[in-house]
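Please read the structure below before turning to the comments.
The values are calculated or read from the model by the stated rules, or taken from the named source; none is laboratory data. Everything numeric in this text was worked out from a predicted model, so none of it was measured. In this analysis, Cβ positions are derived from the backbone assuming ideal geometry, glycine residues included, and neighbour counts consider all displayed protein chains.
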Amino acid sequence: MAKALPQWVSPDHLTILGIIAGFVIAIGYILTWYSKWWLLLCNLGLLIHWYADSLDGTLARVRHTERENYGYFVDHICDAWTTVIICIAFGLSPLIHIEVGLFLTIGYLLLNIYAHVGAYSEKIFRISFARLGPTEIRITICIVNFILIFWNPVVLQYHQTYLTVFDLCGIIVAILFVMTFIIASIKDAVKLDRMDRGEEKV
């Protein structure tokens, strides 16, 4: 796919396309106040984002125009920024509460920090957890979006406060993000401590 792209398309163009796709997804979620069929726009945005995000680095490698430090920095800053926009827009939609959207944002950013700190301290960059990587997550979100068009019942209600099925799912996912961050961080800290103590003895 990278080789088939015209010469005037650069990796930076694909990075920008990925950011635009993030805004398309966000707009789709906000427009669900008018119709849940706008979730199909979110899925289109996810497809475009997958295409752009997967190919920008590949295109640079195929053309031997890699800028390692620049590419690493820009790619992951844009990924973090896009994910925050999407999660907040999801929270601003009628599909889940804003608090749940922000909780998901916090959970994601914690894992993002963990991945980058690990890349520095252990020279290992983790892009997947529990065998779930960016592609699998996008596919899951597309499926969830399609389900939300037809089904999102209220499961808990107290006076004016209520939670839908996907509020609960969002809370559970966010808790899993945070717990993964805590457990993995403690394990890595213990391992690095043992490694450093071993180096000191030598």
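Residue pairs whose Cβ atoms lie under 7 Å apart, sitting 6 or more positions apart in sequence or on different chains, and linking a residue in the range 59-78 that is farther than 12 Å from residue 10 by Cα to a partner that is among the β-branched types (Val, Ile, Thr) and at pLDDT 90 or above, are 74/15; 75/15; 78/15; 78/19. Residues considered: 147, 183, 171. Of these, the only one that is over 18 Å from residue 91 (Cα atoms) and in a helix (DSSP H, G or I) is 183. Taking the criterion of being touching a strand residue (DSSP E or B) at 6+ places or on another chain (Cβ under 7 Å) and touching a residue at least 60 places away in the same chain (Cβ under 8 Å), the residues of the range 157-183 that qualify are 163, 164, 180. State yes or no: is residue 126 under 30 Å from residue 190 (Cβ atoms) and of a type in the set (Lys, Arg)? The answer is yes for residue 126.
In the range 31-42, of all residues being buried (at least 17 other Cβ atoms within 10 Å of the Cβ) and touching a residue at least 12 places away in the same chain (Cβ under 8 Å), the one that is farthest from residue 111 (Cα to Cα) corresponds to 36. Remark: pairs (first residue in the range 117-131, under 16 Å from residue 183 (Cβ atoms); second residue modelled with pLDDT of 75 or more and part of a loop (DSSP other than H, G, I, E, B); Cβ separation under 7 Å; 6+ apart in sequence or on different chains) = 118/124. Residue 57 fulfils the conditions (1) part of a helix (DSSP H, G or I); (2) within 30 Å of residue 149 (Cα to Cα) except for a single criterion, (2).
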